[in-house]
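The values are calculated or read from the model by the stated rules, or taken from the named source; none is laboratory data. The model shown is predicted, which means the values in this text are computed figures rather than measured ones. With ideal geometry, Cβ positions are generated from the backbone for all residues, glycine too; neighbour counts draw on all protein chains shown.
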Amino acid sequence: MPSMIRINNAHVLGFEEIEQTLEHIANLQTESGYPPFNIERELNETNKETILNITLAVAGFTADLLEVIVEGRNLIITGKKATEENFEFLHQGIATRQFKKKFILAETIEVLSATLKNGLLIIKLKKPEPIMVQRNIPITTA
């Protein structure tokens, strides 16, 4: 089990949630590589937001066997195994085992859609560009 990740610096305040996220990420590294997936960024020069796609190879799964859930900052994708038909495999080269895939989303990322097309589950995400705000803090005398 990975050790606890701590940010121990007097100049870094209020990052306890990031410590928990880093620990969660360390635990995700032990997850299975099934199903394989890509993460792509759509190139868009006119908009002030980034569109990301998570594409999972889910051959053999239908939409009713797949589930996409956002729970807090976690994106959870599950695939349930279909019920067995009245036949036996002489050779089974297409994996259709159950899976659960988790992704941790930044606070600002919004899940737009999930589409199943040609054996690929495409989850579209939107990441707005950060707005930089500068504030002057008035100094009062006591």
Only one residue in 39, 76, 18 is without any contact (Cβ under 8 Å) to a residue 60 or more places away in the chain, surrounded by 11 or more Cβ atoms within 10 Å (Cβ to Cβ) and not in a strand (DSSP E or B), so which one is that?
-> 18
Failed item in (1) touching a helix residue (DSSP H, G or I) at 6+ places or on another chain (Cβ under 6 Å); (2) part of a loop (DSSP other than H, G, I, E, B); (3) of a type in the set (A, V, I, L, M, F, W, C), with residue 94 passing the rest | (1)
Given 33, 60, which one is loosely packed, with under 10 Cβ neighbours inside 10 Å and either modelled with pLDDT of 90 or more or within 24 Å of residue 79 (Cβ to Cβ) (or both)?
-> 33
Search result, residues across segment 109-132 that are under 13 Å from the mean Cα position of the chain (by Cα) and part of a loop (DSSP other than H, G, I, E, B) | 109
Go through segment 92-142 residue by residue and tally those that are without any contact (Cβ under 8 Å) to a residue 40 or more places away in the chain, among the charged types (D, E, K, R) and either closer than 23 Å to residue 79 by Cα or in the same structural domain as residue 17 (by TED's automatic domain parsing) (or both).
-> 3
